[in-house]
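Accompanying notes for the structure given below.
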Amino acid sequence: MRVSRGRCRLKILLKERRMKQVDLAKRTGYSEQLISNWANNRDKMSADVMFNIAFALDCKVEELYELIYE
């Protein structure tokens, strides 16, 4: 079985934590534009970025994207 990333769940996670993209940008040091690109599925986060974002949101890396099992 293979697992791949589907849609980014960043908007959902931010809403659950009552945070805005700008708050995450301040917390992580990533630009608001980058965070917007990830949240709107224009770009995918690298592994390093996923670990930093997960740490900032206090979630598991696996929660950042919908997982597709093939």
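The values are calculated or read from the model by the stated rules, or taken from the named source; none is laboratory data. The model shown is predicted, which means the values in this text are computed figures rather than measured ones. So basically every Cβ, Gly included, is an ideal-geometry build from the backbone, and we count neighbours across all protein chains shown. Only protein heavy atoms, including side chains, enter the accessible area calculation; ligands, DNA and RNA are left aside. Shrake-Rupley method; radii C 1.70, N 1.55, O 1.52, S 1.80 Å.
Computed values, structure above
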quantity	calculated
Pair list, Cβ < 7 Å and 6+ apart or interchain, from the stretch 21-34 residues that are over 11 Å from Ala56 (Cα atoms) to residues that are open to solvent by less than 70 Å² (accessible area, probe 1.4 Å)	Gln21/Leu14; Gln21/Ile35; Gln21/Ser36; Gln21/Ala39; Ser31/Ala25; Glu32/Gln21; Glu32/Val22; Glu32/Ala25
Residues within the stretch 40-57 that are of a type in the set (A, V, I, L, M) and open to solvent by 40 Å² or more (accessible area, probe 1.4 Å), tallied	1
Criterion (open to solvent by 100 Å² or more (accessible area, probe 1.4 Å) and over 12 Å from the mean Cα position of the chain (by Cα)) met by exactly one of Lys11, Lys26	Lys26
Residue in the stretch 58-67 that is in contact (Cβ under 8 Å) with a residue 24 or more places away in the chain, open to solvent by less than 50 Å² (accessible area, probe 1.4 Å), in a helix (DSSP H, G or I) and out of contact with any Lys or Arg (no Cβ under 6 Å at 6 or more places or on another chain) present	no
Test: Asn37 is in a helix (DSSP H, G or I), at pLDDT 95 or above and open to solvent by 70 Å² or more (accessible area, probe 1.4 Å)	no
Candidates Lys15, Lys44 - the one that is part of a helix (DSSP H, G or I) and of a type outside the set (A, V, I, L, M)	Lys15
